[in-house]
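Undergrad: Sharing a structure, written as structure tokens. Questions coming.
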Amino acid sequence: MRNHQSGFTLIELMIVVAIVGILASVAVPAYSDYTVRAKVSEAVAAVAPVKASVADYYYGNGELPGTAEEAGLDTGGDPAGSNYSTAVIDTIVMDANAGAGSIKVTINETVSDEITAGDSIIFTPTETTAGQLEWDCTGSTLPARFAPASCRG
């Protein structure tokens, strides 16, 4: 009786290794973009209370606030109006240069090759026909692929 060995041949193993290598070459860049977008999305989450303060002022007074103090934000004595700071976000300020009620979020650290410290997202409110506020991100300095989904449309 002949002893028959079973197992994978060298060529079969090389094909499996090649397939895993191709999948990894696709997955690693996609994951890198995902981590950058996750850090940038912190800015969107952090600005939500500031947007609420601006909206409260707007609904109460019929106009958008021009300063952080008018919006009821605690600036901590900082004339620029900085009221938030984390590892990723440097400041969140009211930006009168972009229009009344506009909020500028400045990135604090280099997140990737394309997003460096000093890049910003500017949220500008506009009134809809129903009297509500919508927020636009047209003044952002971030590349479109890293901008929050609400800023890409």
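Undergrad: Can you pull the one-decimal nm distance between simple spin-label points at Ser150 and Leu13, each 7 Å off the Cα toward Cβ?
TA: That separation, rounded to one decimal, is 5.4 nm.
Undergrad: To continue, here is another question. Can you compute the modelled spin-label distance between Ala38 and Asn3, with each label point 7 Å from Cα toward Cβ, in nm?
TA: 5.1
Undergrad: Also, quick follow-up: Working out 0.36 nm times the residue gap between Ala52 and Ala30, then minus their Cα-Cα distance, what length gain in nm do you get to one decimal?
TA: Stretched fully, the Ala52-Ala30 segment lengthens by 4.6 nm.
Every number in this text was worked out from the coordinates using simple rules, so none of it is lab data. Keep in mind that what you see is a predicted model, and the values were worked out from it rather than measured. Cβ atoms come from the backbone with ideal geometry, glycine included; neighbour counts cover every protein chain shown.
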